[in-house]
Every structure is written in structure tokens, then in C-alpha cells.
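Inspection log for the structure reproduced underneath, given as C-alpha cells.
Every read-out reported here was derived from the displayed coordinates using simple, explicitly stated rules and does not represent laboratory data. Predicted model only: the values in this text are computed from it and were never measured. Here the Cβ positions follow ideal geometry from the backbone for every residue, glycine too, while neighbour counts run over all protein chains shown.
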Amino acid sequence: MTGNAGVPLHEPTPVTAMPFLAPEAPASLPTPAAAGPVVRLPEGPGGGDPLVAAYAQRFRATCAMRTFSWGWLILGIITSLIGGIICGSVVGPEFQLDPDRSAAVHLANRLLGNPWAVLIGMSVAAFITSTLGVVLNRQTVPCGQEPWFGFLIAVAIYLPLYDPLIALGVAGGTLTLVYVAAIGFRLLAMVMGGKRGLHHALLDEPAGGWPLYTVLVPLYKERNVARNILVALGKLDYPADKLDVKFLLEADDPDTLEAITAAGIPSYAEVVVVPAGQPKTKPRACNHGLDRARGEFLVIFDAEDRPEPDQLKQAVLAFRDSEEHIVCLQAQLAYHNHNQNLLTRWFALEYNVWFRRYLDGLVALGVPIPLGGTSNHFRTRILRDIGGWDPFNVTEDCDLGVRLYMAGHHTRTLDSTTWEEANSRVGNWIRQRSRWLKGYLITHLVWGRRPWLLVAKLGPWGALGFVLSVFCVSILSALNLALWGISGVYATLLAIDLSHGHGLWELLTTRDLLQERWSWPMIYQGAGEDPVLAMMSQVFFAASVALILGNLAFILINFIAGRRPGQRGLLFAALISPLYWILLAIAAWKGMWQLIFKPHYWEKTVHGLDEGHDPN
């Protein structure tokens, strides 16, 4: 039997660096009459999507249908302030305040008492409120993390009243330490990673033959590239009678249905038109594909994907040789249009480092793996057991990686590559990346609803890895621009003062100089300095140095590990990769804005731009 591309599906196709059509030439296929069926799924009895309702009911505690409780946040602020007042009043005021402190500081000291007691009281109140948020809502949506966010806001209210300079030092030092911890964790994963992943040199047919394999292909407004996925599937080195392909379309997308029907639906495939409903997301469509899946194993390919022909066989043999708790294999993703422009070069560098080093490092560190959105292979039975994908999460792959780990399952990497199309236009890239970063934040909010359960399930190290590899990805992308902006301003002011003859250490550690200065000291030490402020300033300075060195290390990593055989022209892009971080910051701030106002909105990424298609 042959696929639509005219390539026998049961005969091996040689694996090369670019196994499919060149990106400059649009795919062309014959247009025979459709062989596979088109199935239109009905709406539920009351309208809408029945699978969405069933998922929300079954996984109420970990579903992203509701992302945040503002009521419990406000309650957390109030109880933290009350706890601080009570504890501070019991312990009593600070022994002696310097007379030069402001009137607001004296008033805060009289009303609230000793600052250490106030902070302890706030944290105890936050712990009690968090526990109540979980216990009282155990049958609905737990709210264990909102009170802790309220605690942070209460601290941000109190500290400036007590001492604005100390408040600034605590805020800056905390942010920098978190930033350095996340960078250090990322660097550790890079060092630990770099293994090739699971791979078989010989693709011998297993006992009992090749198993039935389900391939899900979610499509939405993909008329530009609908034919291309048929070319890619036609090149798979897997028996056609063992393929169970599901093209998943939305009810309001007749153009894609027309395009894929005209191209010819293979006999081993069916088009599934999912019922109209909200949220209109990729995971919602994938759950319908999972519901109809017949294969022992299952994989997702996007419309523009070009998997290496032997990828399914590699996955089957890897699963056969692995323990039962290995239920997911993540293949590598790479870009075939890496040299289209500077943006695609940056994107290619990022993916090469992420999939060739970082994910392997997370596996070695034993923490949850945020999956890629495509080319992840599953044991179908286990995927059904855990409920599939969260239809309300716009980065369903990251969420699923955590869900698998929480259920006691594990993920490994597969040494096989799927070639994708890198976004070549800035606006399109920002739409895609802001959705990804928003989804990472949603994933953190969902699994952080029961903080102590998270620690109990993952262990302290796994929980820390979850926070640093999920939450910090979005937050630090947003903070990166601000921190580097402040660093740039300070470096400029230092340069001005250095040009006037001042010494660097003198500028960093001395408040008063004989001549006028532009920069401010970073290290407060010596006689007359507040010991708390002096300690914080030294920690902040050490963290700042580590931050700068860590970011320079990432440039070096991009330069060394960001390349892939067959990809050229990436070295210069690696050297100027800090400019790429500006785009990441813009996307992160947009994602955080959408998290508040449009948490379930799925911004469509336009594909086919590498081939000169008009997206309109």
C-alpha cells in the first residue's frame, strides 16, 4: 500500500538532515477522491462539548477552567496584615528607633511593633489561611496558593512603611536571588543534559509485529499547510495498515476541511470534526482524538511537522525496551527554515538547546518534564487513565508533563527529530510565545493550588524543580528586560564616574565622594551603616554578579550547544541573543496581561510563512 505522496509506507526511507520537501517549494499532491471518512461529532444534550464538561467534572481540582481566586487573594492580604499586627503587638516595639527615621517609620513601629515579629505573624496567618483555602474547597477548586500571594502583597505594603530603603533592598535582593536560582538550575540542567536519548540502530520488527499506532493531527485554519502533513505522513516508514490517523478539525473551519479533502484523505485516516464549543483549544480537539484512538501507542503531529520517517518505529522499540513507568517519549524538535531571517535563527538556537540538552538534563535531575507541543509519544492506555489533556490550558503539553509525573509516570527523550517551521514574523512569534508563557503560568497556578500536596507528591527537590522550570520560565522572561535595563543604566552611570577619575571599588562602596557622582553605591559597609542593610546589600551585589555571569554563560551555551548538524549561520545570532530576550520579555508581559483578562484565549499561530503563503 502506498501513501498519498506515492512513497511505500512499508519500505524504509533513508534518514537525512532534511528528509522532506525543501521549504521553499510548496508541497504538491495529487487530488484523488477522499478515501478516509469524515466524522462530525455531535454536541452534548444541552449543547456544547460533552468531553469538556466531563473533564471539568472529573478533574475539578486540577482543571484550568478557573485559574485564580481573587477573593482568597484579598482574604490572604487581610489575614496577613491582621496576623502581623497581633504578633507585633504581643512581642512589642523595636527597642530603640534612630531619631532620624521618618515619621511614617515611627508610626508603623508604634502600631505594628517589632518588624521581625510582624513578618512572622504575617507568615503564620498566611499558612493558616492557605490551609483553610484547601480544606474548605476540597470538593471544588482548592485555593491554597492565593493566600501566599496575599502574604507577599502584605509584606510589600508593610516594609515601605517601616523603611523604604530596606524595602527596596529586600525586593531587589529577593528578585535577584530567585533569578540567580533559576539561572543556576537551568545551567545545571544544561550540564547534566546532552545525551542523545533513546535510539535503536536496527529497526527489527518486534515479536507479534508492529502495533497499531494512533497519530493525532489537530488542524485549525491550516489551509496553507494541510497538504504538507499528508506528505509527511506518506513518508513514514510504518505499515499503513497499522496506522490510525485522526485529522482533528473545528466545526467552523470549512476551508481546512476542503483543502485536506481535496488533497485526498488516506484510507488509514479519518477526519474528525469536533463539536462546536468552548474553549476552542488544541487540547480539546486532542481529547476527541484520544476518545476515538485505537492504537496501543499515540503521537501528536502538528500541521507543519515533518517527522523523521522511522520515528514511530523508534518509539515502539524504545517503549518495548523500557519499564512500564516510562509512558511518554519526547522527540526532538528542530526548524527547517532556521536561516530564513534573524528571528528564525534565534528560535532555532533556543530549540536546539532546549531539546538537545535541557530536557535531557531535567530527566537526569529527576524533575517534571514540560513536554513540547508535538512529537510526544504515549502509551495510549495510560494517557486515557490520567484523562488526556486539560482543554482549558493553552499550554497543554507543559501541564500534561506535570500531570504524568504527579501520577507516578516518567518521560524520556527520543533520539529522533521532527522538523517544524519557525515563526519568521515578529508579531506571529509574539502571539505564539505569549500563549506559551501564559500557559506555563496557568500550569503553575493549577498545580500550586495545594502547595503541601505538591511537595508531598514531588518531594522537595521535585517541587523546587517544578517551580524553577515552569513558573520561573514566564516570570523571569518578564523580569529579564527590567533587570538588564537597570543594569544598563547603572553601568552607564558607573562609566561616567569612572571617566571622572573615581575608582570602581570606591564607587561601589562609598556614599560620599569629594567630587559629584552619578552612580549610587551598591555595597553599604563601614561605621554607621545599618547592619541589616549592609548584609542585604552584599547579598544583592553577589547575586547581581552571578546574574551577569549566568547570562553571559547562556550566550556561550547558545554559541556552543545551539548548533545542529546541517544548520549554518547561527554563530552571530548566538552572540547577539540578548536582543532576543527583549522579545521574550514583551511576550511574557503580554501573556501575564492575558492571564488576567483572557486566560483561555488561544491566539492562532499562522503557518506556511516559510513557503511564501499569504496567511490571509
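Structural remarks
- Chain lengthening between ALA482 and VAL135 when straightened (0.36 nm per residue, less Cα-Cα): 121.1 nm
- For the listed residue pairs LYS282/LYS598; LYS282/LYS590; LYS280/LYS438; LYS282/LYS438; LYS457/LYS590, the alpha carbons are over 26 angstrom apart in LYS457/LYS590.
- Restricting attention to segment 208-313, close to 0% of DSSP beta bridges with both partner residues there are antiparallel.
- Rounded to the nearest 10 degrees, the angle from helix 342-353 to the longest Cα principal axis of the chain is 90 degrees.
- Three principal axis lengths of the chain [C-alpha, angstrom, descending]: 90, 59, 46
- Using R0 = 45 Å, the C-beta based FRET efficiency linking VAL91 and LEU187 works out to 0.60.
- Computed FRET value (nearest 0.05) for ALA207 with GLN278, which takes r as the C-beta separation and R₀ as 51 Å: 0.65
- Estimated FRET transfer efficiency when R0 is 45 angstrom, pair GLU516-LEU342 (beta carbons, to 0.05): 0.60
- Between ALA171 and ALA542, the simple label model (points 7 Å from Cα in the Cβ direction) yields a spacing of 2.4 nm.
- Full-stretch length increase - LEU556, LEU464 - with 0.36 nm per residue and alpha-carbon distance subtracted: 30.5 nm
- Look at the dipole of the chain built from charges on Cβ: of ALA201, ALA117, SER544, the Cα furthest out on the positive end belongs to ALA117.
- Rg to Rh quotient for segment 65-162, alpha carbon positions, Kirkwood Rh: 1.10
- Dipole moment magnitude, nearest 20 debye, segment 461-616 about Cα centre, only Lys, Arg, Asp, Glu C-beta charged: 520
- Summarising the label geometry, the points placed 7 Å from Cα in the beta-carbon direction at ARG101 and ARG40 lie 7.3 nm from one another.
- Label-reachable residues, segment 213-244, where backbone N falls under 17 Å from a point 7 Å from ARG320's Cα toward its Cβ: 213-214, 237-243
- Here the chain carries DSSP beta bridges of which approximately 25% are antiparallel, counting only pairs with both residues inside.
- Degrees separating the helix 254-263 axis from the principal Cα axis of the chain, which is the longest one: 40
- Residue order, fewest to most beta carbons within 10 Å, for SER424, SER474, SER102, SER577: SER102, SER424, SER577, SER474
- Helix 396-406 axis, angle to the chain major axis (alpha carbon atoms, nearest 10°): 80
- When +1 charges are put on Lys and Arg Cβ atoms and -1 charges on Asp and Glu Cβ atoms, the dipole computed for the chain relative to its Cα centre reaches about 680 debye.
- Distance (nanometres) between label positions extended 7 Å along Cα→Cβ at ALA54 and TRP70: 3.4
- Packing here is the average count of other Cβ atoms within 10 Å per residue, and on that basis the peptides 205-212, 172-179, 434-441, highest first, run 434-441, 172-179, 205-212.
- When each of the peptides 322-328, 416-422 is scored by how many other beta carbons lie within 10 Å of its residues on average, the order from highest to lowest is 416-422, 322-328.
- ³J(HN,Hα) computed for each position of segment 407-422 - Karplus, 6.51 cos²θ - 1.76 cosθ + 1.60, integer Hz, glycine/proline x: 7, x, 9, 10, 10, 10, 9, 10, 7, 8, 10, 10, 8, 10, 9, 6
- For the pair THR492 and HIS410 in one chain, pulling the backbone fully straight at 0.36 nm per residue adds 24.7 nm over the alpha carbon distance.
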